[in-house]
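Since the structure comes first, as structure tokens, the remarks are kept for the end.
The values are calculated or read from the model by the stated rules, or taken from the named source; none is laboratory data. Everything numeric here is computed off the predicted structure, so don't read it as measured data. Neighbour counts run over all protein chains shown; Cβ positions are idealised from the backbone, glycine included. SASA here: full protein model, heavy atoms, side chains in, ligands and nucleic acids out. Shrake-Rupley method; radii C 1.70, N 1.55, O 1.52, S 1.80 Å.
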Amino acid sequence: MRVIGLMSGTSYDAVDAAAADLRVEAGTLSLTPLGLISQAYDTRLRDELAAALPPAATTLETVCRLDTRIGQAFAELAARADRELCDGRADLVASHGQTVFHWADGGRVHGSLQIGQPAWIAERTGRPVVSDFRPRDIAAGGQGAPLVAAMDVMWLRDRPGHPVALNLGGIANITVPGDDGREPLAYDTGPANALVDAAVRHLTGGRLDIDAEGAMAARGTVHRPLLDRLLAEPYYARPAPKTTGKELFHEGHLLAALDGLALPADDVVATVTALTAHTVADAVRSHAGTEVIASGGGTRNPTLMRMLAAALPGIPVRTSDALGLPAAAKEAYAFAVLGFLTLHSLAGTVPACTGARHAAVLGSLTPGAGPLRLPTPVPGGAPTRLRVGQDRPFGR
């Protein structure tokens, strides 16, 4: 089955579309990557989205407009992915949408809102669409995140030692697959690019959006008093499972920590970059990690990756590319996997990772142009392992 996974993360800079050929054999889900294409949000849409996100106030009119325009952007990229990556023969689109609010309060998640109306995708592509993945896990008492853990656990469970999967998006999250009788575990460790991006935008007056190639952080010096203020955030001490987002780690959070400090811009960016490395390294050590397999946009920041490696002496830090899964596309591939599981009526969560009472089939299904036909059940039930490779030519 050819599935297109669509993803735009908490950095909300672009939409990614990753296509995969997926099949289950003897309890193993085989994933053959078919490629990735990305499309940046147009400047106006990105600015409107940024202006509507917490802690800003917004209106239902704005939410409706964004839901439509983001859905249209996802739809155009899905159509391109079908044409360019699947030879026009995609079977399914799995769309995560754009997270605009994750309602966490008192250590619990009460709701999560992803926009990007799937009807536009179904209408444009003619393919059925699975979307709105997070609410079902939340309704079952879970955090609704990190949903990538379901794929990580299947993918890494047979690796030696104690591997740790790391995603560096706007927020950083880890998955520890579990072994030797230990349950798997996954949670958000804190910000990855969220505070770095916020610092760059604030300190350059909006001239820059990101610290390209980690250049500002590389020129700067970590300011320990600022780092200590940032590390005092209570979220870091909370037990897992836990999840967070830009509702907490936004520009205002950084400005509060900077109160009374007059620092060079490069030093501020270096310090918030070090915050990510420090909090991720703490999490890896706390679970006796023996290797880190990283993915996400943060892997393209060489300064962050150097800081992380320095904070984890003796523990290899590599990207998922080394294991055959492109680091830039891993989350999009994860939602392709989740969409495949949903279409086959298979659970897409690991309760020990999200904190849910039970595993659940995720998402909502929007029919495509033709009659909706669910596939035959997977022989033997849900797969327990994931193999990534190019062992079968496309289309066979």
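A compact table of results
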item: Positions within the stretch 188-230 being touching a residue at least 40 places away in the same chain (Cβ under 8 Å), at positive phi and open to solvent by 60 Å² or more (accessible area, probe 1.4 Å), in sequence order; result: Glu213
item: The stretch 155-175, residues that are farther than 30 Å from Glu251 by Cα and open to solvent by less than 20 Å² (accessible area, probe 1.4 Å); result: Leu156, Pro163
item: Residue in the stretch 368-384 that is modelled with the lowest pLDDT, counting only those that are surrounded by fewer than 16 Cβ atoms within 10 Å (Cβ to Cβ), closer than 21 Å to Ala334 by Cα and not β-branched (Val, Ile, Thr); result: Gly381
item: Condition check for Thr58: of a type in the set (Val, Ile, Thr), assigned to a loop (DSSP other than H, G, I, E, B) and open to solvent by 40 Å² or more (accessible area, probe 1.4 Å); result: yes
item: Search result, residues across the stretch 1-22 that are in contact with a helix residue (DSSP H, G or I) (Cβ under 9 Å, 6 or more places away or on another chain) and either open to solvent by 30 Å² or more (accessible area, probe 1.4 Å) or farther than 19 Å from Arg124 by Cβ (or both); result: Met1, Arg2, Gly9, Thr10, Ser11, Tyr12, Asp13, Asp16, Ala20, Leu22
item: Single residue of Ala52, Ala119, Ala145, Ala57 found to be over 22 Å from the mean Cα position of the chain (by Cα) and at pLDDT below 95; result: Ala57
item: Filter result for the condition that a residue is over 26 Å from His278 (Cβ atoms) and aliphatic (A, V, I, L, M), over Ala322, Ala336; result: Ala336
item: Top-ranked residue in the stretch 327-355 [being part of a loop (DSSP other than H, G, I, E, B) and of a type in the set (Gly, Ala, Ser); ranked as most open to solvent (accessible area, probe 1.4 Å)]; result: Ser345
item: Filter pass, Arg136 being part of a helix (DSSP H, G or I), in contact (Cβ under 8 Å) with a residue 60 or more places away in the chain and either within 26 Å of Thr175 (Cβ to Cβ) or open to solvent by 10 Å² or more (accessible area, probe 1.4 Å) (or both); result: yes
item: Considering residues of the stretch 299-321 that are part of a loop (DSSP other than H, G, I, E, B) and open to solvent by 80 Å² or more (accessible area, probe 1.4 Å) only, the residue farthest from Val280 (Cα to Cα); result: Gly314
item: Residue among Thr99, Thr10 that alone is part of a loop (DSSP other than H, G, I, E, B), closer than 22 Å to Val148 by Cβ and at pLDDT below 95; result: Thr10
item: Test: residue in the stretch 234-256 that is farther than 23 Å from Thr10 by Cα and assigned to a helix (DSSP H, G or I); result: no
item: Residues located in the stretch 53-95, provided they are touching a residue at least 24 places away in the same chain (Cβ under 8 Å) and among the basic types (Lys, Arg); result: Arg69, Arg80, Arg89
item: Residues being in contact (Cβ under 8 Å) with a residue 60 or more places away in the chain and small (Gly, Ala, Ser) - total across the stretch 241-256; result: 2
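Listed here are the residues, each with its yes/no results for (1) of a type outside the set (Phe, Trp, Tyr); (2) closer than 20 Å to Gly245 by Cα; (3) out of contact with any Ser or Thr (no Cβ under 7 Å at 6 or more places or on another chain).
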site: Gly126; (1), (2), (3): yes, no, yes
site: Val129; (1), (2), (3): yes, no, no
site: Ala140; (1), (2), (3): yes, no, yes
site: Val153; (1), (2), (3): yes, no, no
site: Arg159; (1), (2), (3): yes, no, yes
site: Leu185; (1), (2), (3): yes, yes, yes
site: Arg201; (1), (2), (3): yes, yes, yes
